[in-house]
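Student: Sharing a structure with you now.
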Amino acid sequence: MIGIISAMDSEMKELVRLLTDKKKKMHAGLDYYTGKLNGVEVVICRCGVGKVNAAMHTQILIDLYKPKALIQNGIAGSLSPDVGAFDLVIGSELVYHDMQDFVIKNFEPLEPVYYSDEKLLNKAIEVAGDEGGVHVGRIATGDSFVSSSKEKQDIFKRTKALCTEMEGCAVAHTAYLNKVPFVVIRCISDSADDNASVDFGEFQNVASDCLVDMITHLVKKI
């Protein structure tokens, strides 16, 4: 079984619609859907926004469903000038942008960088293809919706990440501690700048749907 984790309904609803043999259960107040996606057994959950929700539901999913791999998908704000609206970012590595280096270096169990599983990463890159608009690199996670050009520049300067979101590194962190292979895939919905709130509201559904075909094909290859 493969686990798929999204933060919001808009990021998972089309995947859930495509499930066959669909069943639903509730854990910790949220729905988990099992079934077959493109003939592959999966479990899909909406973890909710933010690092705590993401980590909690990743752990629940791992404990109850024993997935052989995890895919964390959703939308994100661009940090790099090379990454535009509706581009795909495949996270080769995940970092927290809102945790002090001192804390990461001195308290366990924390790592400065969490790396996506190499095999999953290569399969995701293969499925995405070599067309324009696909980027592979670092994703930065924090408990804030970045909607300030100043904050965006600060995060990019410190992390050199391609995009920012609110769950990926928490999923990666939890998967790493449980020794479960993972990959994080994001589609850009906004530029994480002073116009981010407007762009997010306008483009979040389109950006969410951009990942459906990719994930549907990726689960078949895992």
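The values are calculated or read from the model by the stated rules, or taken from the named source; none is laboratory data. For clarity, every value in this text was computed on a predicted model and none was experimentally measured. FYI the Cβ positions are ideal-geometry reconstructions off the backbone, even for glycines, and counts take in every protein chain you see.
Student: Where residues in segment 109-129 are hydrophobic (A, V, I, L, M, F, W, C) and not in a helix (DSSP H, G or I), which of them is farthest from T141 (Cα to Cα)?
Tutor: Pass one, segment 109-129, residues hydrophobic (A, V, I, L, M, F, W, C): 110, 113, 120-121, 124-125, 127-128.
This time we only want the ones that are not in a helix (DSSP H, G or I), so: 110, 113.
On the way: L110: 14, V113: 11 Å.
In this case the residue turns out to be L110.
Student: I'm trying to understand the selection: among the residues of segment 1-55, which are in contact with a Cys (Cβ under 9 Å, 6 or more places away or on another chain) and small (G, A, S)?
Tutor: Residues satisfying the conditions are G3, S6, A7, A54, A55.
Student: Something else: Somewhere in segment 62-75, is a residue without any contact (Cβ under 8 Å) to a residue 40 or more places away in the chain, in a helix (DSSP H, G or I) and out of contact with any helix residue (DSSP H, G or I) (no Cβ under 9 Å at 6 or more places or on another chain)? If you could, list the steps in order and put the result at the bottom.
Tutor: Of segment 62-75, the ones without any contact (Cβ under 8 Å) to a residue 40 or more places away in the chain are 63-64.
Narrowing further to those that are in a helix (DSSP H, G or I): 63-64.
After this cut, where a residue has to be out of contact with any helix residue (DSSP H, G or I) (no Cβ under 9 Å at 6 or more places or on another chain) as well, the list is 63-64.
There is at least one residue in segment 62-75 that is without any contact (Cβ under 8 Å) to a residue 40 or more places away in the chain, in a helix (DSSP H, G or I) and out of contact with any helix residue (DSSP H, G or I) (no Cβ under 9 Å at 6 or more places or on another chain).
Student: Is it true that A140 is out of contact with any Pro (no Cβ under 7 Å at 6 or more places or on another chain) and outside any loop (DSSP other than H, G, I, E, B)?
Tutor: yes
Student: Let me ask you something else. Of everything in segment 1-52 that's of a type in the set (V, I, T) and more than 19 Å from D213 (Cα to Cα), which residue is surrounded by the most Cβ atoms within 10 Å (Cβ to Cβ)?
Tutor: Looking at the filtered set, the residue picked out is V49.
Student: Moving on. Run down V16, V49, V40 and say which single residue is within 22 Å of L177 (Cβ to Cβ) and β-branched (V, I, T).
Tutor: Working: V16 fails: within 22 Å of L177 (Cβ to Cβ); V40 fails: within 22 Å of L177 (Cβ to Cβ).
Criteria check complete, one pass: V49.
Student: Considering only residues that are among the charged types (D, E, K, R), at pLDDT 90 or above and either under 17 Å from G129 (Cα atoms) or buried (at least 19 other Cβ atoms within 10 Å of the Cβ) (or both), which ones fall in segment 173-212?
Tutor: Within segment 173-212, R186 is the sole residue that qualifies.
Student: Name the residue that is nearest to I185 (Cα to Cα), counting only residues in segment 141-172 that are surrounded by fewer than 17 Cβ atoms within 10 Å (Cβ to Cβ) and of a type in the set (G, A, S).
Tutor: Here the residue is S144.
Student: Please list, ordered by residue number, the strands (runs of 3 or more DSSP E) wholly in segment 1-57 having 2 or more residues that are over 28 Å from T141 (Cα atoms).
Tutor: Because the criterion is at least 2 residues that are over 28 Å from T141 (Cα atoms), the strands (runs of 3 or more DSSP E) in segment 1-57 that meet it are 20-27, 30-37, 40-46.
Student: If you take the residues in segment 116-140 that are in contact with a Leu (Cβ under 8 Å, 6 or more places away or on another chain) and not hydrophobic (A, V, I, L, M, F, W, C), which one is surrounded by the most Cβ atoms within 10 Å (Cβ to Cβ)? Can you show your working first?
Tutor: Of segment 116-140, the ones in contact with a Leu (Cβ under 8 Å, 6 or more places away or on another chain) are 116, 123-124, 127-128, 133-140.
Still in the running and not hydrophobic (A, V, I, L, M, F, W, C): 116, 123, 133, 135, 137-138.
Working: S116: 27, K123: 19, G133: 16, H135: 21, G137: 16, R138: 18.
Filtering segment 116-140 for residues that are in contact with a Leu (Cβ under 8 Å, 6 or more places away or on another chain) and not hydrophobic (A, V, I, L, M, F, W, C), the one surrounded by the most Cβ atoms within 10 Å (Cβ to Cβ) comes out as S116.
Student: List the pairs whose first member sits in segment 93-107 and is over 22 Å from A124 (Cβ atoms) and assigned to a helix (DSSP H, G or I), whose second member is of a type outside the set (A, V, I, L, M) and at pLDDT 95 or above, and whose Cβ atoms are under 7 Å apart, counting only residues at least 6 apart or on separate chains?
Tutor: Here the result reads I104/P112, each pair linking segment 93-107 to a residue that is of a type outside the set (A, V, I, L, M) and at pLDDT 95 or above.
Student: Continuing with this model, one more query. Run down L64, L94, L79 and say which single residue is among the hydrophobic types (A, V, I, L, M, F, W, C), under 12 Å from the mean Cα position of the chain (by Cα) and modelled with pLDDT of 95 or more.
Tutor: L94
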